[in-house]
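J.: Let me begin by handing over the structure; questions about it come next.
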Amino acid sequence: MNLSDYQNEFDNLISKQSYSAVSQPSRKDTFSKFLDSGLPTRKWENWRHTDLSFLNKNNFRITEPGDASGGSIDVSNYKIANTFTVIIINGHYLTINSDLPKELTVSTNSNGENWTPKNKKDTPFELLNASLSDSTITITTEPNASIQKPIHILFLCTGNDDLMINPQVNIDISHSSSATIIEQYVSNTSSFFQNTSVFASIEKNASLNHVRIHSNSDQTANISGLHVTQSDDSTYNYFQLVDGGALQRSDIYTDLKGKNATCYLSGLALLDKKQHSATYIISDHIMPNCVSSQNFKSVLNGSASGVFNGRTIVREDSQKTDSKQSNKNLLLSDQALMNSNPQLEIYADDVKCAHGSTTGALDKEALFYMQSRGINKKEATSLLIRGFVSELINDIKNEDVKDYLFEKFDNWLLNNNQ
Amino acid sequence: MLEVKNLHVEVEGKQILNGIDLNVKPGEMHAIMGLNGSGKSTLSNAITGRENYSVTKGDIIYKNESIVEMEPNERALAGIFMSFQYPTVIPGVNNTYFLRAAVNAKRKYNKQKEYDAASFLKFVKSKLKEVEMDSKYLKRAVNEGFSGGEKKRNEMLQLLCLEPELAIMDETDSGLDIDALKIISKGINNYKNKDRSFLVITHYQRLLKYIEPDVVHVLIDGKIIKSGGKELALELEEKGYSWLES
């Protein structure tokens, strides 16, 4: 899909009045910015390692409210025990459990009435999202509320059309409250492109556990921008699992705007065939006494490829920062490829920062050690891969979510260790 | 039990063993002594089937069957065990989980019912006592953060759980303090019986103060140049290896 394809789609939707009148000027302005910037190419530093050929080769129709039909996906396949589930079909809100606690508000706007999408970083895909988005979901907690049960937002893509979907998710965790939010992307369409923007704000002393699961079919592109702003004494725990899709890219921006804030980012990519998964992070330490960590792992099989590009900025005023970056990758095949680039930019002098990266094949010594104890090679391989990933999944606090993630891992392993 | 016949072994194109003959009968303990680089560890790696240790000539017969073509795990299931000189650290793999997988592989091979988590814990706790090992080591990743002595006790624990018929102790005494050495030796002595054989590979005679080999072999440049009773070990202690080198 090239610029003129996007232009045609945009013109078509604007003329159909699919978007609210109030948002039209902003959309036109945003879209012209997108046209000015153009689509990223390998010559752009931040897109050097991201293979966008899947997007360039395929054409997508931008989704409209009428696309939110039930489709043929069996939702029960994606159920996570003990969660509130919000189901979004083809980019449009469909249903939610009715038993939400009163301290939690989940509001959706699927037709764009009186609503203008947001854009923060002016990157090409964010500009596209902000000009084309016609669906938003907003999750808000009351101050001091502790929401125990996770909120599971299930984005489903179904049907025969190759759709492009541009949802926006707003998460507002009010002061001294806490919540767990799971975003999950699944599909059974032949091909689709999901371009999501998520904006999370975590107020003073509040805490958000955020899990994101990408389990799309092989003919799927998933690009997302995640913007997190943290206030004093707040905590943000993020975990992403990528085990599906042709192309997946996350751009994560965390702004530590308050003192004593904690931000833990982690992720696991389980890739095979020609899958590509790229994670770009900017953790920005603006205030003192904050703790941040990036802990990402990939297991790559077939001719899959991945990118970890984690950047931590420690600004002049952010003394006593404690920051760690770690990226470890396991290559199961000679054709798999990983680009790992942890970066620290430090402008303060009294800080503790560390980073490290390793990429390698399965440890032959460990395999032999296990085999010498009677364990066959296949099982030894499974034990090693499981050992490699379990540290990350074990850190997930919610037991049901943890079980679900291990189940997904086991399924992946079943297909990739034969 | 174990017959090594004219064994020649190459590692990455380099000839290390130049015709080894050994015959270890059930219930016997043989000690292989030699300096660093003499081929001691190559012999144990060849018997256990480590990758890249290729037998270019000769044979290894275990229980009347050649094992040269067998996978390492098949050799282990048949009853061969090696206590590693440098036990491997396996991050992320829980020690109990690993040990249970190994014991269950063996039980499955022997057509016995596999242990579930609870019954295995009971089984392994009785073995822990014998090697005087704290149960906290079961909760860690395999050999992760273990001291030299703890690693060797963990090897001994695996031996006791897997009940091999042929145990190869590769430089078990290296990195051990005297207390740990006594515990490991006691373990070996208690384990040994008329059906179980040991091949003890060592550089020094130190370990042989606590365990008594039936036969001592001296390995130099990939060949056994002298075999004898346990008095040979004492002679080596006194005179060093140089008197044997031509």
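The values are calculated or read from the model by the stated rules, or taken from the named source; none is laboratory data. All values reported here derive from a predicted model rather than from experimental measurement. Here the Cβ is made from the backbone with ideal geometry for all residues, glycine too, and neighbour counts use every protein chain on show. Remember, those area values only see protein heavy atoms, side chains included, never the ligands or the DNA or RNA. Shrake-Rupley method; radii C 1.70, N 1.55, O 1.52, S 1.80 Å.
J.: To the nearest 20 debye, what is the magnitude of the charge dipole of chain B about its Cα centre, counting +1 on the Cβ of each Lys and Arg and -1 on the Cβ of each Asp and Glu? Intermediate values should be presented prior to the final figure.
T.: Details: 35 positive and 35 negative charges, 199 e Å.
Dipole magnitude for chain B comes out near 960 debye.
J.: Now for a different question. Divide the volume of the convex hull of the Cα atoms of the range A:184-249 by its number of residues and quote the answer in cubic angstrom per residue.
T.: Per residue, the Cα convex hull of the range A:184-249 comes to 64 Å³.
J.: Here's something else I'd like to know. Run the simple label-point estimate for B:Asp21 and A:Val75 please: 7 Å along Cα→C-beta, distance reported in nm.
T.: Here the answer is 7.9 nm between the modelled labels.
J.: While we're on this one: Please identify the longest segment of chain A free of exposed chymotrypsin sites (Phe, Trp or Tyr not before Pro), where exposed means a DSSP state other than H, G, I, E or B and no more than 15 other Cβ atoms within 10 Å. Mind dumping the intermediate values first?
T.: On the way: sites that count: A:Trp44, A:Tyr347.
Within chain A, the longest run free of exposed chymotrypsin sites (Phe, Trp or Tyr not before Pro) spans A:45-346.
J.: Further question on the same structure: Where a ≥ b ≥ c are the square roots of the eigenvalues of the C-alpha gyration tensor, would you call the range B:152-235 rounded, which needs a/c under 1.5, or, failing that, prolate if a/b is larger than b/c, or oblate? Let's see the in-between values first.
T.: Values: a/c = 1.76, a/b = 1.42, b/c = 1.24.
Because a/c hits 1.5 or more and a/b exceeds b/c, the range B:152-235 counts as prolate.
J.: Hey, what number do you get for the protein assembly as shown at 222 nm if only DSSP H runs of n ≥ 4 count, each worth -39500 (n - 2.57), divided across all residues, to the nearest 500?
T.: Rounded to the nearest 500, it is -8000 deg cm²/dmol.
J.: Could you compute the FRET efficiency for B:Asn110 and B:Ser54, with r as their C-beta to C-beta distance and R0 at 30 Å, rounded to 0.05?
T.: It comes out at approximately 0.50.
J.: Carbon and sulfur atoms: what percent of the 1.4 Å accessible area of the range B:155-246 do they account for?
T.: 46
J.: For chain B, just the Cα atoms, rotate onto the principal axes and tell me the three extents in Å, largest first.
T.: 57, 39, 35
J.: Would you work out the Kirkwood radius for the range A:258-304? I mean one over the mean of 1/r across all pairs of different Cα atoms, in Å.
T.: Working: mean 1/r = 0.0793 Å⁻¹.
Over the range A:258-304, the inverse of the mean reciprocal pair distance is 12.6 Å.
J.: Where does each of B:Glu155, A:Glu103, B:Glu69 land when they are ordered by accessible area, with a 1.4 Å probe and the largest first?
T.: The ranking, largest first, comes out as B:Glu69, A:Glu103, B:Glu155.
J.: For the protein assembly as shown, what is the accessible area per residue in Å² when the probe is 1.4 Å?
T.: Ligands and nucleic acids excluded, the figure is 41 Å² per residue.
J.: Can you bin chain A into rounded, prolate or oblate? Criterion: square roots of the alpha carbon gyration tensor eigenvalues sorted a ≥ b ≥ c, rounded for a/c under 1.5, prolate for a/b above b/c, oblate for the rest.
T.: rounded
J.: On a full-extension model of 0.36 nm per residue, what is the gain between A:Asp36 and A:Asn2, subtracting their alpha-carbon distance, rounded to one decimal in nm?
T.: Working it through step by step, the gained length comes to 10.9 nm.
J.: Sort out the exposed loop trypsin sites (Lys or Arg not before Pro) in chain B (DSSP loop, at most 14 other Cβ within 10 Å) and tell me the longest stretch that has none.
T.: Longest site-free region, per DSSP loop and neighbour criteria: B:114-193.
J.: First select every other residue whose beta carbon is under 11 angstrom from the beta carbon of B:Glu3; then total the charges, Lys and Arg +1, Asp and Glu -1.
T.: 0
J.: How about the range A:282-358: which trypsin sites (Lys or Arg not before Pro) there lie in a loop by DSSP and see at most 16 other Cβ atoms within 10 Å? Working shown, then result.
T.: On the way: sites: A:Lys297, A:Arg311, A:Arg315, A:Lys320, A:Lys324, A:Lys328, A:Lys352; in loops: A:Arg315, A:Lys320.
Qualifying residues, ordered by number: A:Lys320.
J.: Pairs of alpha-carbon atoms within less than 8 angstrom and 6+ residues apart define the contacts here; what relative contact order does chain A have, in percent?
T.: Dividing the mean separation by the residue count of chain A yields 9 percent.
J.: Carbon and sulfur together cover what percent of the accessible area of the range A:3-258 at a 1.4 Å probe radius?
T.: The nonpolar share, carbon plus sulfur, comes to 44 percent.
J.: Moving on. Let's test the formula: R0 of 45 Å, r as the Cβ-Cβ distance of B:Glu144 and B:Asp221. What FRET efficiency results, to the nearest 0.05?
T.: 0.75
J.: Work out the length of the dipole vector of chain A about its Cα centre, built from +1 on the beta-carbon of each Lys and Arg and -1 on the beta-carbon of each Asp and Glu, and round it to the nearest 20 debye.
T.: Using Cβ point charges on Lys, Arg, Asp and Glu, chain A gives about 720 debye.
J.: Which residue, A:Ser207, A:Ser357, A:Ile393, has the largest displacement toward the positive end of the dipole of chain A when charges sit on each Cβ (Lys, Arg +1; Asp, Glu -1)?
T.: My answer, from the dipole projection, is A:Ser357.
J.: For the interface of A with B, what's the total buried accessible surface in square angstrom, probe 1.4 angstrom, rounded to the nearest hundred?
T.: Heavy-atom accessible area buried at this interface is about 1900 Å².
J.: To one decimal place, what Kirkwood hydrodynamic radius in Å is obtained for the range A:95-230 from all pairs of distinct Cα atoms?
T.: For the range A:95-230, inverting the mean 1/r across all distinct Cα pairs yields 15.6 Å.
J.: In the range A:363-418, what is the volume of the convex hull around the alpha carbon atoms, normalised per residue and reported in Å³?
T.: 79
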